[in-house]
Structure formats: C-alpha cells, structure tokens
Amino acid sequence: MNRVELALGIIAYFPDVQYNVTHAMNSTTLQQNARRSLLCGLLKVKFAAEYPTFVFDSVDDYLTSTMKNTILQ
C-alpha cells in the first residue's frame, strides 16, 4: 500500500469532508530530506519502546473503533 492508497482508505471514513488526493508524488518532489528507512517511515522498535501497551492493528480497525467510540460519547 502506498501513501495515496492509505490516504484514500482513511478519507473513505469521512465522506462529508472534501479532500483532493488524486495522484502519487515521489519523495524528491515532496522534498522529504529526513532520513528514512527503505521499508517504512516508522521505526517500530523506537515506537514500541515509547508506547509498550500499544497493540498494532490495521488502520481500518483503528478508525472503526475510534468512530464507534466517538458516536457513543
């Protein structure tokens, strides 16, 4: 899954909000000069150390539970 696919998946949960995500751009175009790993932009070891109780799941599961909790409040 690339960034555009991820963004489109997230946007699908918010149909009333207007976004324009129509095409992919490479990192050079975005001028992302920060050091990044080749396989992902998140260092899992560092994240896991800082948030030891966090359970890795999918974006869909997170958004579904967040939306459900928001509606219940």
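The values are calculated or read from the model by the stated rules, or taken from the named source; none is laboratory data. This structure is a prediction, so every number in the text was calculated from the model and none was measured. All Cβ positions, even for glycine, are placed from backbone atoms using ideal geometry, and neighbour counts span all protein chains on display.
Criterion first (surrounded by fewer than 10 Cβ atoms within 10 Å (Cβ to Cβ) and modelled with pLDDT under 85) does Q73 satisfy it? Lay out the reasoning, then the answer.
Numbers: surrounded by fewer than 10 Cβ atoms within 10 Å (Cβ to Cβ): yes; modelled with pLDDT under 85: yes.
Taking the combined requirement at face value, the residue satisfies it.
Only residues that are in a helix (DSSP H, G or I) and either surrounded by fewer than 12 Cβ atoms within 10 Å (Cβ to Cβ) or under 15 Å from the mean Cα position of the chain (by Cα) (or both): list them for the stretch 6-32, please. Step through it out loud before you land on a result.
Quick first cut of the stretch 6-32, residues in a helix (DSSP H, G or I) only: 6-11, 27-30.
Residues satisfying the conditions are L6, A7, L8, G9, I10, I11, T28, T29, L30.
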